[in-house]
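Okay, structure first, notes after.
The values are calculated or read from the model by the stated rules, or taken from the named source; none is laboratory data. Since the model is a prediction, treat every value here as computed from it, not as a measurement. So basically every Cβ, Gly included, is an ideal-geometry build from the backbone, and we count neighbours across all protein chains shown.
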Amino acid sequence: TAPSRDELKFIRSTSISGDIWPTTEVLITSGTGPDPELADAVPLLLSGFPAVFYTLDSEFDNLRVVRATAADGSTWGTPVEIPNSRHDDGYDVKIIAGKPAVLVGGFFEAPRFIRANDAEGTSWGSSVLTATEGRHFERSLLAELDGRPCVFFIQQGGEYRFIRANNAEGTSWGEVQVIGYGDTFDIPEQLVTINNKPLVIVSDTRAGNLLAIVQE
């Protein structure tokens, strides 16, 4: 059966071609409380086991992560709440220097970076502002560049901003670089690294185009 709004379910093909699927799903977790809606689920592989990041309710409070206790996803552990991970404008998840990390933030500040203390995501470090000043209304993007986290977001007013941490832990961040200009509500789509150089994909909401920005 399809999951209800207060459930996360997992299903994995039994063939490498994806031709054969089980008839039942595995219940990952259920929501509790006055507003138990589970949403914004993002899957990630943590130390060889599937994991899911998600929000517990529609108020965009702290993120949670739950990791399977079997590599095939047949059994799951207890969800872990990520402290200080409120995310008004969405979030991004990546593996940074071997450990999961999330990028979150409110509308009226720069993105915040939080990295797990272990590869399994069982405990999490402090929430660190990536810049002292910033206002953004669309989700920000996270990637790893040369073993360190880097961030892209669109500042209110349309500045395209890129920041790179000074260390793998993301406890200290470099200067903000303005790498382009657009509109406040342009949508960041992807931040990746190719040949150890960052590449940003942005949806231009004014002209309906996709823009690619790559470091020279």
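Here are the numbers for this structure:
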item	result
Of residues in region 68-121 being part of a loop (DSSP other than H, G, I, E, B) and among the hydrophobic types (A, V, I, L, M, F, W, C), the one nearest to Asn167 (Cα to Cα)	Ala97
Only one of Glu138, Glu109, Glu133 that is charged (D, E, K, R), exposed (fewer than 15 other Cβ atoms within 10 Å of the Cβ) and without any contact (Cβ under 8 Å) to a residue 60 or more places away in the chain	Glu133
Hey, Ile95 in contact (Cβ under 8 Å) with a residue 24 or more places away in the chain, within 11 Å of the chain's Cα centre (by Cα) and surrounded by fewer than 20 Cβ atoms within 10 Å (Cβ to Cβ) or not	yes
Qualifying positions in region 109-139 - modelled with pLDDT of 85 or more, over 16 Å from Ile82 (Cβ atoms) and not hydrophobic (A, V, I, L, M, F, W, C)	Glu109, Thr130, Thr132
All positions within region 142-161 that are part of a loop (DSSP other than H, G, I, E, B), acidic (Asp, Glu) and touching a strand residue (DSSP E or B) at 6+ places or on another chain (Cβ under 6 Å)	none
Qualifying residue in region 114-127 (condition: out of contact with any Lys or Arg (no Cβ under 7 Å at 6 or more places or on another chain), in contact (Cβ under 8 Å) with a residue 12 or more places away in the chain, closer than 30 Å to Thr69 by Cα and among the aromatic types (Phe, Trp, Tyr))	yes
Which numbered condition Thr184 misses (of (1) surrounded by 15 or more Cβ atoms within 10 Å (Cβ to Cβ); (2) part of a strand (DSSP E or B))	(2)
Of all residues making up region 162-181, the number that are without any contact (Cβ under 8 Å) to a residue 24 or more places away in the chain, part of a loop (DSSP other than H, G, I, E, B) and not small (Gly, Ala, Ser)	3
